[in-house]
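The values are calculated or read from the model by the stated rules, or taken from the named source; none is laboratory data. Everything quoted here is computed from the prediction, not taken from an experiment. Cβ placement follows ideal geometry from the backbone for every residue including glycine, while neighbour counts extend to all protein chains displayed. SASA here: full protein model, heavy atoms, side chains in, ligands and nucleic acids out. Shrake-Rupley method; radii C 1.70, N 1.55, O 1.52, S 1.80 Å.
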Amino acid sequence: MNKNKEQVLCIDRKTLPASWVTQRTVLPMDFATFADTCTKAKFFFVRRGIAEEDRLKKQIIPYILLQTADGGMTAVYSRQGSEKRLHDLWSIGIGGHINPEDTAMGADGFESILKTGMQRELDEELIRRVSGDSIEFIGIISEDITPVGSVHMGAVFLIRTQNPEGYLPGDELHSFTWHTTQKLSQLNLELWSELALELVNSLNPAL
């Protein structure tokens, strides 16, 4: 799909809690609170070419992290996709935009749309994954420091696995590998990955 014609899910910044859209936001949160707040804030679809230039809107992006069960290893890949502003940075998050097709299963509530879009992104980005692994929503990240971040908000999900070899990346996840979590700071991470790592560490301070 043409990037500029793609329809993406957005929420007006002014209808979101101020604490969600600070210069640098890292907020642990349960999914019910997130979904309920976004529903009340009223979400809608906008052409991506417009949304990417409109700082008054936040595009909601599922951002999924893969870690080993003990948190000691985290999956990383090199950014080479359609978002050229992120090229040559390392990322620990798999995800993308929520589109109208994510309402195709008949449910149009925010919770259903987000979960459907999140599962679709996993299916698109991974050739194989472990079906039995649970997916936990852990909170949100947002920043107004970079041009990309200023128009997006990340809904962060975490998959912990006993079977990392059960995950096989697709072509978009360049140089996919498992990296020691405590040494991720040595990589040239995208800012969202730094924020997501901070979010995970706030839940597991011993790691």
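Pick from D36, D54, D70: which is in a helix (DSSP H, G or I) and over 18 Å from the mean Cα position of the chain (by Cα)? Reasoning before the result, please.
On the way: D54 fails: in a helix (DSSP H, G or I); D70 fails: in a helix (DSSP H, G or I).
Exactly one residue qualifies, and that residue is D36.
Going through the range 45-64 one residue at a time, which ones are touching a strand residue (DSSP E or B) at 6+ places or on another chain (Cβ under 6 Å) and among the hydrophobic types (A, V, I, L, M, F, W, C)?
Of everything in the range 45-64, those that are touching a strand residue (DSSP E or B) at 6+ places or on another chain (Cβ under 6 Å) and among the hydrophobic types (A, V, I, L, M, F, W, C) turn out to be F45, V46, A51, I60, I61, I64.
Take the residues of the range 131-143 that are modelled with pLDDT of 95 or more and open to solvent by 10 Å² or more (accessible area, probe 1.4 Å): which is farthest from L203 (Cα to Cα)? Reasoning before the result, please.
Residues of the range 131-143 that are modelled with pLDDT of 95 or more, as a first pass: 133, 135-143.
From what's left, open to solvent by 10 Å² or more (accessible area, probe 1.4 Å): 133, 135-137.
Numbers: D133: 19, I135: 15, E136: 12, F137: 12 Å.
Result: D133.
Name the single residue, out of those in the range 170-192 being under 12 Å from L66 (Cβ atoms) and either surrounded by 21 or more Cβ atoms within 10 Å (Cβ to Cβ) or not hydrophobic (A, V, I, L, M, F, W, C) (or both), that is nearest to the chain's Cα centre (by Cα). Explain how you work it out, then say what you get.
Of the residues in the range 170-192, the ones under 12 Å from L66 (Cβ atoms) are 173, 176-179, 181.
Filter once more, so that each one left must be either surrounded by 21 or more Cβ atoms within 10 Å (Cβ to Cβ) or not hydrophobic (A, V, I, L, M, F, W, C) (or both): 173, 177, 179, 181.
Numbers: L173: 14, T177: 18, H179: 19, T181: 18 Å.
Residue satisfying both the conditions and the ranking: L173.
Just to verify a result, which residue in the range 144-161, among those that are of a type in the set (A, V, I, L, M, F, W, C) and closer than 19 Å to G95 by Cα, is surrounded by the most Cβ atoms within 10 Å (Cβ to Cβ)? Don't jump to the end; show me each part of the working.
Applying the first criterion (of a type in the set (A, V, I, L, M, F, W, C)) to the range 144-161 yields 145, 148, 151, 153, 155-159.
Retained after the next criterion (residues that are closer than 19 Å to G95 by Cα): 148, 151, 153, 155-159.
Numbers: V148: 16, V151: 21, M153: 23, A155: 25, V156: 27, F157: 25, L158: 22, I159: 18.
That would be V156.
Looking at the range 162-169, can you tell me whether even one residue there is within 30 Å of P17 (Cβ to Cβ), open to solvent by 10 Å² or more (accessible area, probe 1.4 Å) and of a type in the set (D, E, K, R)?
Taking the range 162-169 first, the residues within 30 Å of P17 (Cβ to Cβ) are none.
Taking every residue of the range 162-169 in turn, none turns out to be within 30 Å of P17 (Cβ to Cβ), open to solvent by 10 Å² or more (accessible area, probe 1.4 Å) and of a type in the set (D, E, K, R).
Show the residue pairs that are 6+ apart or on different chains and have beta-carbon atoms under 6 Å apart, the first residue being within the range 165-182 and over 12 Å from A75 (Cα atoms), the second being open to solvent by 70 Å² or more (accessible area, probe 1.4 Å).
Short answer, once both residue conditions are applied: G170/I127.
Working only within the range 1-58, note down all residues that are over 21 Å from I141 (Cβ atoms), in contact with a Leu (Cβ under 7 Å, 6 or more places away or on another chain) and small (G, A, S).
Answer for the range 1-58, where residues must be over 21 Å from I141 (Cβ atoms), in contact with a Leu (Cβ under 7 Å, 6 or more places away or on another chain) and small (G, A, S): there is none.
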